[in-house]
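The values are calculated or read from the model by the stated rules, or taken from the named source; none is laboratory data. Not measured: the values here are computed from a predicted model. Cβ placement follows ideal geometry from the backbone for every residue including glycine, while neighbour counts extend to all protein chains displayed.
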């Protein structure tokens with residue numbers, strides 16, 4: 001079973017701490033929601049996990065290895081950090097075919113993932129003609145090409161209509177049910193609570209909470225109230241980190 005371990009992860013830009021001594025785990029077979037307000041350090045953390053940013057300190061590993069050391073990254077990890085990095089003149093099917101070829105993956109996966117993300121009928125269209133939601137689905141298709149053990153998504157519901165949001169929710173639950181490791185970054189609290197098994201909250205670059213949703217709301221607070229309390233008080237992260245390590 002493949003999992004993610006983040007330990008003491010830190011990233012500074014000059015004198016500014018974007019991420020400050022953050023530690024948490026993402027177990028296999030569950031969906032972990034990675035939450036925080038805008039500017040909390042979520043995307044920077046994911047970029048370090050995926051080898052796109054070099055940490056100032058600490059480690060972030062997948063199955064005990066840094067992303068750069070994985071033998072077959074696309075077979076181990078599928079990731080979506082943004083859905084806009086596709087040439088608008090390229091057809092959806094062509095884009096996925098090129099990704100598969102570059103990763104040494106069988107071309108039959110292209111048709112399979114297009115059906116999974118419900119873009120089969122639009123595969124011949126140019127990406128520039130896609131809606132934002134369709135581009136998001138295409139990005140998820142690219143992440144799924146290698147049938148990865150780990151799926152990492154940053155704000156995946158951007159641009160999705162209600163039907164698309166439900167589709168993504170069901171997909172994440174299905175993948176977790178098959179033993180995959182799923183980490184989803186979002187600032188949409190109500191949506192994440194519908195599919196996440198565990199929650200990691202950061203704010204101001206620091207960990208504020210790691211644990212189950214139920215454990216966060218045991219005192220009768222709503223999840224929204226508990227979240228806002230955690231991210232508004234800089235002292236809270238120490239207590240929660242110790243309590244839920």
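A few points about this structure:
- All conditions but one from (1) under 25 Å from residue 179 (Cα atoms); (2) modelled with pLDDT of 95 or more apply to residue 73; the one that does not is (2).
- Test set (1) free of Cβ contacts under 8 Å to residues at least 60 places away in the same chain; (2) part of a loop (DSSP other than H, G, I, E, B); (3) buried (at least 23 other Cβ atoms within 10 Å of the Cβ) - residue 156 fails condition number: (1)
- Filtered residues of the range 1-40 (kept if assigned to a loop (DSSP other than H, G, I, E, B) and over 20 Å from residue 191 (Cα atoms)): 1, 2, 3, 14, 15, 27, 28
- Conditions (1) touching a helix residue (DSSP H, G or I) at 6+ places or on another chain (Cβ under 8 Å); (2) touching a residue at least 12 places away in the same chain (Cβ under 8 Å); number of the one not met by residue 217: (2)
- Scanning the range 18-49 for residues that are surrounded by fewer than 18 Cβ atoms within 10 Å (Cβ to Cβ) and in contact (Cβ under 8 Å) with a residue 40 or more places away in the chain yields a total of 8.
- Positions within the range 83-117 being modelled with pLDDT under 95 and closer than 11 Å to residue 138 by Cα, in sequence order: 83, 84, 85, 86
- Complete set of residues in the range 53-84 that are part of a loop (DSSP other than H, G, I, E, B) and either in contact with a helix residue (DSSP H, G or I) (Cβ under 8 Å, 6 or more places away or on another chain) or touching a residue at least 24 places away in the same chain (Cβ under 8 Å) (or both): 53, 54, 55, 56, 63, 64, 70, 72, 81, 82, 83, 84
- In the set 166, 101, 93, 135, only one residue is part of a helix (DSSP H, G or I) and either closer than 17 Å to residue 33 by Cα or in contact with a strand residue (DSSP E or B) (Cβ under 6 Å, 6 or more places away or on another chain) (or both); that residue is 166.
- Looking only at the range 169-193, and only at residues there that are in contact with a strand residue (DSSP E or B) (Cβ under 6 Å, 6 or more places away or on another chain) and in a strand (DSSP E or B), the one that is nearest to residue 29 (Cα to Cα): 181
- The range 194-223, subset part of a loop (DSSP other than H, G, I, E, B) and under 15 Å from the mean Cα position of the chain (by Cα), residue surrounded by the most Cβ atoms within 10 Å (Cβ to Cβ): 196
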